[in-house]
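The block underneath contains the structure these notes are about, expressed in structure tokens.
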Amino acid sequence: MTSLLRLSPGELDETLTALGAPRYRADQVLQGLYRRGLDSLDAITQLPGELRDRMREGGLALESPAVLREVASDDGETTKALLALPGGATVETVLMQYPQADRHPRSTVCVSTQAGCAMGCVFCATGQMGFERNIPAEDIVAQVLHFQRLLAPRSEHVTNVVFMGMGEPLANYDETIRAVRLLTDPRAFGLAQRAVTVSTVGIPRAIDRLAGEDLQVGLAISLHAPDDALRRRLVPTARPNSVRELLEAGRRYFRATGRRVSIEYALIEGVNDAPEQAHALGRLLRGAGMHVNLIPLNPTAGPFAAPSRHRVRDFRRILTEAGVNATVRIEKGAEIAAACGQLRTDSDAASAAGSAEAPAQG
Ligand code: SAH
Ligand code: SF4
């Protein structure tokens, strides 16, 4: 079986032509999938029933995720869904909305590219689960379409996609790229390439490959430390020289694509939040033209905590004084365990989500 959500518009043209259908049928299918959000082959009623039968016989299918659980934050701006994807993985996907004056809200979907993750970052709930499986492109796209269907009745739509959910996108490289192309193809989901950001813990060769894809997507590199000894404590799978290698790969990415690279730095109390570490990071990044996103740690089951507010402010000030652009990322959805690094799918997640909801009700 091949999912219709996996085929590029060109591949769909060829497939339907091979089934003897005229050219415009592919556009009807694409409109059904991406504009109208239809979730089964039979719902695409513009197609003659006989063509739908031939498509099915030819091994084409359209299935949607089952929603196992969905929780919204108290302000309604963050929604987390636990989705059982047609390909077999169960993952968490998050919608974050940012109100904008006189316009529809910015609506960003944070997609998962793997169930679990092999990189093992010690502060990340997904990393602590270990690796389960890769998610195929159609199931990455399906996560976006799930939220698109939620927004459409309100005349809103998904405006941005960030590959910052569960998993390491560049460790599932081909499926990630296929999903990016589907999400940004004007005949498919049709987002601007600039509205897509891929976040990676850093596989330098894969960053170079991404730079060569002729895509204008944003790249975020999760650095978390100014030196290799500390980075390897936090990201146990990191290579001995990963700090330098990643910054060099980031520079090459910028040269090749013209897109500024951002550096993500999860701030952890007493681990990587000291003023000396901010100075070291400032020296490392000065003149690199990279923007730093400081993410005060979101709580997970691990022993780590977020620094105090003034400690975060000082860290940022030191960077700014060193000439490095830095912002503190306002994390949405922490109360429903929907923020960066909090996504996981086992039964612990269910009870954590339950306890986060309880105060709101009482
Ligand atoms: N695997 C990719 C993308 C998914 S993680 C990566 O690591 O970049 C998305 C972001 O969340 C990364 O920057 C990651 O370091 C960060 N993150 C993970 N756990 C976190 C936590 N508990 N608190 C804050 N940020 C966290
Ligand atoms: Fe994987 Fe990213 Fe979590 Fe590290 S932070 S374990 S790379 S998902």
Self-check item: Whole-number percent relative contact order across the chain, with pairs defined as alpha carbons under 8 Å at least 6 apart
Solution: 14 percent
Exercise. Counting only C-alpha contacts under 8 Å and six or more residues apart, can you give the relative contact order of region 1-63 as a whole percent?
Key: 45 percent
Exercise. Starting from the amide H of residue 60, placed 1.01 Å from N in the peptide plane, find each other amide H under 5 Å away whose residue is 5 or more places distant or on another chain.
Key: 2
Practice problem: Name the residues whose placed amide hydrogens come within less than 5 Å of the amide hydrogen of residue 199, ignoring near sequence neighbours (fewer than 5 apart) on the same chain. | Solution: 163, 220
Self-check item: Gain upon complete extension [residue 305, residue 74; 0.36 nm per residue less C-alpha separation]
Solution: 80.8 nm
Practice problem: Kindly state, to the nearest 0.05, the FRET efficiency for residue 286 paired with residue 122, given R0 = 30 Å and r defined as their beta-carbon distance. | Solution: 0.60
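If each DSSP helix of 4+ residues adds -39,500 (n - 2.57) and the sum is divided by the residues in the chain, what number results at 222 nm, nearest 500 deg cm²/dmol?
The per-residue figure over the chain is -10500 deg cm²/dmol.
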Self-check item: Heavy-atom accessible surface of the chain: percent carbon and sulfur, 1.4 Å
Solution: 49 percent
Quiz prompt | In range of the label at residue 53: residues from region 1-31 whose backbone nitrogen is under 18 Å from the point 7 Å along Cα→Cβ | solution = 19-22
Quiz item: Given the Cα-Cα distance of residue 67 and residue 233 and 0.36 nm per residue of separation, how much length would full extension add, in nm?
Solution: 56.1 nm
Self-check item: For the chain: accessible area per residue (Å², 1.4 Å)
Solution: 43 Å²
Self-check item: Per-residue ³J(HN,Hα) for region 190-195, Karplus 6.51 cos²θ - 1.76 cosθ + 1.60, θ = phi - 60°, Hz, x for Gly and Pro
Solution: x, 6, 5, 4, 5, 8
Quiz item: Quick one: if you stick a label point 7 Å off each Cα along the C-beta vector at residue 103 and residue 14, how many nm between them?
Solution: 3.8 nm
Quiz item: Stretch residue 1-residue 187 to full length: gain in nm at 0.36 nm per residue minus the Cα-Cα span?
Solution: 64.7 nm
Self-check item: Inter-label distance, nm, simple model (7 Å from Cα along the C-beta direction), residue 154/residue 260
Solution: 2.9 nm
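The values are calculated or read from the model by the stated rules, or taken from the named source; none is laboratory data. All figures in this text were calculated on a predicted structure; none of them were measured in a lab. Don't worry about glycine lacking a Cβ; one is built from the backbone with ideal geometry, like all the others, and counts go over all protein chains shown. Only protein heavy atoms, including side chains, enter the accessible area calculation; ligands, DNA and RNA are left aside. Shrake-Rupley method; radii C 1.70, N 1.55, O 1.52, S 1.80 Å.
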